[in-house]
Amino acid sequence: MRLFIKKFIKFGLVGASGVVVDFGVTSLLRDVLHLNQYVANSTGFACAVISNYLLNRVWTFRSKNPGVAAEFGRFALVAVVGLALNNAMIYLLNELWHLPFYPAKLVATGVVMVWNFLANYFFTFKHKTA
């Protein structure tokens, strides 16, 4: 159980770094280079997924799986499902239940973090964790 909790904490720290990557890339592309905000946002999300995968592979889960492409594919799938869950929860909490946007986003982010961790723990990195 201690190892599980330790991995969860590491996963959360990696996720926090992903937020910095996402917002940093998005801001650079949108505000400095004046690219379309949706292109900038999508690029920021993609960069964060790549960064988070690499950090989680090496640090959180210590994966030695030689099938990096397949493992990354599973990680990206989990991230996209998490994004869809996040948006659905924000819609439900904000639009239907009238919770203000940022509190709704905070709740959704917490729930989705648990989903992302469990899906990656049991699906993405299940065979090669230390």
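Screening the range 102-130 for residues that are of a type outside the set (S, T, N, Q) and assigned to a loop (DSSP other than H, G, I, E, B) and picking the one that is surrounded by the most Cβ atoms within 10 Å (Cβ to Cβ) gives Phe125. Filtered by the rule that a residue be touching a residue at least 24 places away in the same chain (Cβ under 8 Å) and among the aliphatic types (A, V, I, L, M), the range 48-102 gives Ala48, Val49, Leu55, Ala76, Val78, Ala79, Val81, Leu83, Leu85. Residues that are open to solvent by less than 60 Å² (accessible area, probe 1.4 Å) and touching a Lys or Arg at 6+ places or on another chain (Cβ under 9 Å) number at least 2 in the following helices (runs of 4 or more DSSP H) confined to the range 1-101: 37-55, 68-90.
The values are calculated or read from the model by the stated rules, or taken from the named source; none is laboratory data. Treat the numbers as computed from the prediction; the structure is a model and nothing was measured. Virtual Cβ from ideal backbone geometry, glycine too; neighbours counted across all protein chains shown. These accessible areas exclude ligands, DNA and RNA; they are computed on the full protein's heavy atoms, side chains included. Shrake-Rupley method; radii C 1.70, N 1.55, O 1.52, S 1.80 Å.
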